[in-house]
Amino acid sequence: MRRFVLIFLVFVSACNSPSKKNLTKQPTDPRIFRAGGVILRMSGVFVESGILDVEELWGKSGLPQELIYKKISELQAWQAFEGPSFIFRDTTNIRNTFFFTEASYLDVEEGNEEKLFTEFESVMTENSKKIGATCKLVENDFFSLSNGDKVYKMLYEVNYTNEKEYSTTYYITSKMRVVMVIVNNTSDDGEAIVRSMNVDPYFYEDLIEN
């Protein structure tokens, strides 16, 4: 069986050897959120926002200027995605976000996931000088959701100057679409939230038809 995923550089560099670390936390005061044909369960502190709104909040955050500059550059890169996208932000910590977008396709045969992870890391290493951060690979993994959708996970510890966070990229492969989720968080990889997701495979097709 073939699965489909996009290899895309998120924002990391200089990756080292993997080391397992449990960073999955259950959401507190969970609520059901719906956006872009995706249903998921997240902590009540999250709200849906526009990228420009998040960018403005970063500018007012009072965090180190170097970190603000790099995060705003990342947000601007997200705006370049051609597919529909949306973002959830933590109202208590601007550094905690979930970014969702539609992904292009790449064939990955079942049992050949390590090749995908190697190619993904190679792309990140090649682009490291553009980012100004260092990172350490924490975990590559793949699993299935309760509805059978396959998920690929790539988790990195990212170090800016005196600032650390975790960046986790997920590809959720549904029947007719692939959703890419980028989780930036200071202490959580977001896996519990991703595992709660249900993706409508025909959502955008239905919008076009209607």
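The values are calculated or read from the model by the stated rules, or taken from the named source; none is laboratory data. The model shown is predicted, which means the values in this text are computed figures rather than measured ones. Backbone-built Cβ (ideal geometry, glycine too); neighbour counts: all protein chains shown.
General observations
- Identity of the residue in the range 169-196, in contact with an Asp or Glu (Cβ under 6 Å, 6 or more places away or on another chain) and without any contact (Cβ under 8 Å) to a residue 40 or more places away in the chain, that ends up nearest to residue 67 (Cα to Cα): 172
- Scanning the range 153-175 for residues being basic (Lys, Arg) and within 11 Å of the chain's Cα centre (by Cα) gives a total of 1.
- Positions within the range 64-99 being within 20 Å of residue 30 (Cβ to Cβ), more than 15 Å from the chain's Cα centre (by Cα) and hydroxyl-bearing (Ser, Thr, Tyr), in sequence order: 91, 92
- Consider the range 34-44 and keep the residues that are surrounded by 16 or more Cβ atoms within 10 Å (Cβ to Cβ) and hydrophobic (A, V, I, L, M, F, W, C). The one that is farthest from residue 197 (Cα to Cα) is 42.
- Meets criteria (among the hydrophobic types (A, V, I, L, M, F, W, C), assigned to a strand (DSSP E or B) and either at pLDDT 95 or above or within 27 Å of residue 199 (Cβ to Cβ) (or both)) for residue 108: yes
- Enumeration of residues in the range 54-105 that are in a loop (DSSP other than H, G, I, E, B), touching a residue at least 24 places away in the same chain (Cβ under 8 Å) and touching a strand residue (DSSP E or B) at 6+ places or on another chain (Cβ under 7 Å): 61, 64, 84, 91, 103, 105
- Single residue of the range 145-204 satisfying the filter (part of a loop (DSSP other than H, G, I, E, B) and of a type in the set (D, E, K, R)) that is modelled with the lowest pLDDT: 175
- Some residue of the range 58-70 being crowded, with 16+ Cβ neighbours inside 10 Å and modelled with pLDDT of 85 or more: yes
- Hits in the range 28-59 (condition: hydrophobic (A, V, I, L, M, F, W, C) and within 13 Å of residue 96 (Cα to Cα)): 42, 45, 46, 47, 54, 57, 58
- Qualifying positions in the range 18-38 - more than 16 Å from the chain's Cα centre (by Cα) and among the hydrophobic types (A, V, I, L, M, F, W, C): 32, 33
- Test: residue in the range 94-104 that is surrounded by 16 or more Cβ atoms within 10 Å (Cβ to Cβ), modelled with pLDDT under 80 and touching an Asp or Glu at 6+ places or on another chain (Cβ under 9 Å): no
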